[in-house]
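Here, each number is a calculation from the coordinates, and none is a lab measurement. The model shown is predicted, which means the values in this text are computed figures rather than measured ones. Virtual Cβ from ideal backbone geometry, glycine too; neighbours counted across all protein chains shown.
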Amino acid sequence: MAQGSRIEWTQATWNPVAGCTPVSPGCLNCYAARMALRLAHMPNGTGRKYAQTAKRARDGRPVFSGHINLDEQNLDLPRSWKLGRTIFVNSMSDLFHDGVPDEYIKRVFRVMEECPQHRFQVLTKRPERALEMAAQLPWPDHIWMGTSVETRAYYERIRLLQRIPAKVRFLSCEPLLGPLKRMPLAGIHWVIVGGESGPGARPMQGSWVLEIKSQCEAKGVPFFFKQWGGVRKKEAGRELDGRAWDQMPGDTECQRNPSMTA
Ligand code: SF4
């Protein structure tokens, strides 16, 4: 599946893989599992793509089953988009899941490498495998690599990401589930923060967000505030201190002057 995206920090999604397995507390209310469960019932190729990837947990929550489907038909899709766009890779999965063969990951990277008109954002909760494979993968400037950090318990993911030779390394602190004090931000080029949304959303405190923002300002790291989240995410909006925070890597002003607020 590939489509325009409503995710605030990207323009399109590209999903050459479907399916995943929960790995940490941030996965509890995974929106992709919820969507996959719905899409698996569609009467066409989309239904086949998501077949068996998601199920209902004992408490009724949609959850990924661990079954992975590779979508080879979608593999070359970015080549057909002549106009450059920012693409979130595998919004419905995790490219570095154990069930995705090394060879397939290499093919995904080859497509990205050969499409320099785009900017690809690869986000994983499995940076240990990304690092393990990093020497076998191409890292042109337009392939960005990120990892998710929902609580302090996952700072090790940042340390692994710091060792991956991508030009832009980014953190997605979403769903933010606790304060993130003294983040290791050396070699990190972008931080996204967001609260959880949808059924069962766990609350995020404003002080947690402000603390991350001030660490980013102190280190000159662009800061993007995605949303407050909640059960009615539209109502909660995405303003922080009375404005939106949409900084991106390459926003030279905030990097030149760390105290600038974009
Ligand atoms: S790693 Fe991402 S896609 Fe996979 S279950 Fe967790 S939140 Fe969902």
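G146's amide H: which non-local residues (gap 5+, or another chain) put their own amide H closer than 5 Å, with H modeled 1.01 Å from N in plane and none for Pro or chain starts?
Under 5 Å from the amide H of G146: V122, L123, T124, F170.
Over 25 Å between Cα atoms: which of K106/K233; K49/K125; K55/K226 fall into that group?
From K106/K233; K49/K125; K55/K226, over 25 Å: K106/K233; K55/K226.
Hey, can you rank 88-94, 7-13 by average C-beta count inside 10 Å, highest first?
Highest to lowest by the protection proxy: 88-94, 7-13.
Please arrange H118, H41 by how many other C-beta atoms lie within 10 Å of their C-beta, fewest to most.
So the residues, fewest neighbours to most, are H41, H118.
Please give the contour-minus-distance gain from K167 to E113: 0.36 nm per residue of separation, less the Cα-Cα distance, rounded to one decimal in nm.
Gain on extension, K167 to E113, equals 18.1 nm.
Take T124, T21 and order them by how many other Cβ atoms sit within 10 Å, fewest up front.
On the way: T124 25, T21 18.
Fewest to most other Cβ atoms nearby, the residues stand as T21, T124.
What length, rounded to one decimal in nm, is gained on full extension from T46 through to W81, with 0.36 nm per residue of separation minus their alpha-carbon distance? Don't jump to the answer; show the numbers that get you there.
Numbers: separation 35, 0.36 × 35 = 12.60 nm, distance 2.04 nm.
Here the segment from T46 to W81 would lengthen by 10.6 nm.
Tell me, L176, L83, L70 in order of fewest to most beta-carbon neighbours within 10 Å?
Lowest count first: L83, L70, L176.
At a Förster radius of 22 Å, what calculated FRET efficiency corresponds to the Cβ-Cβ distance of Y155 and D251, to the nearest 0.05?
Efficiency for this residue pair is about 0.30.
Is any residue of the stretch 90-119 close enough, with backbone N under 13 Å, to a label point placed 7 angstrom from the Cα of Q11 along the Cα-Cβ axis, and if so, which?
116-119
Work out how much length K234 to K181 would gain on full extension: take 0.36 nm times their residue separation and subtract the Cα-Cα distance, in nm to one decimal.
Between K234 and K181, full extension yields 16.3 nm more.
Pop the C-beta distance of Q205 and R38 into the FRET formula with R0 = 41 Å and round what comes out to the nearest 0.05.
So, using R0 = 41 Å, E works out to roughly 0.85.
Can you list residues from other chains, or at least 5 along the same chain, whose modelled amide H is less than 5 Å from the amide H of S197?
Answer set, sorted by chain and number: G230.
Using amide H atoms built 1.01 Å from N in the peptide plane, name the residues 5+ places from C173, or on other chains, whose amide H lies under 5 Å from its own.
Under 5 Å from the amide H of C173 lie the amide H atoms of V149, I192, V193, G194, each far enough along the sequence or on another chain.
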